[in-house]
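The values are calculated or read from the model by the stated rules, or taken from the named source; none is laboratory data. Computed from a prediction, not measured in an experiment: that's the story for all the values here. With ideal geometry, Cβ positions are generated from the backbone for all residues, glycine too; neighbour counts draw on all protein chains shown. Ligands, DNA and RNA are stripped out before the accessible areas are found, and what is left, the full protein with its side chains, is counted by its heavy atoms. Shrake-Rupley method; radii C 1.70, N 1.55, O 1.52, S 1.80 Å.
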Amino acid sequence: DRLDAVIPQLERWYDLDIHLDDPSLGAERITIVFTTESPDEALSTLAKVLDLRVTRTGRSVRFAPLRPRR
């Protein structure tokens, strides 16, 4: 699935508001299964897999590319 299709599921499961700093990130393809109930663990795993920086303040989460995207 594309990241922009996975985000709404993550928002529901973990009660978060997730935003992409770069809209092109939504096109990233991802296949992942989370077995954790910890939102921080799920978010950090996703960030590592996609080479992103994740910042979280309460329920608000932002993903940003670590490097400029082409």
Residue hits (segment 57-70; open to solvent by less than 100 Å² (accessible area, probe 1.4 Å) and without any contact (Cβ under 8 Å) to a residue 40 or more places away in the chain) are 58, 66
State the number of residues belonging to segment 30-46 that are open to solvent by 60 Å² or more (accessible area, probe 1.4 Å) and either touching an Asp or Glu at 6+ places or on another chain (Cβ under 6 Å) or under 14 Å from residue 9 (Cβ atoms) (or both). 2
Output for segment 11-29, where each listed residue is more than 23 Å from residue 67 (Cβ to Cβ) and either within 11 Å of the chain's Cα centre (by Cα) or open to solvent by 80 Å² or more (accessible area, probe 1.4 Å) (or both): 11, 12, 13, 15, 16, 17
Show the residue pairs that are 6+ apart or on different chains and have beta-carbon atoms under 8 Å apart, the first residue being within segment 6-17 and over 10 Å from residue 42 (Cβ atoms) and without any contact (Cβ under 8 Å) to a residue 60 or more places away in the chain, the second being assigned to a helix (DSSP H, G or I) and of a type in the set (D, E, K, R). 17/11
Among (1) open to solvent by 80 Å² or more (accessible area, probe 1.4 Å); (2) more than 10 Å from the chain's Cα centre (by Cα), where does residue 53 come up short? (2)
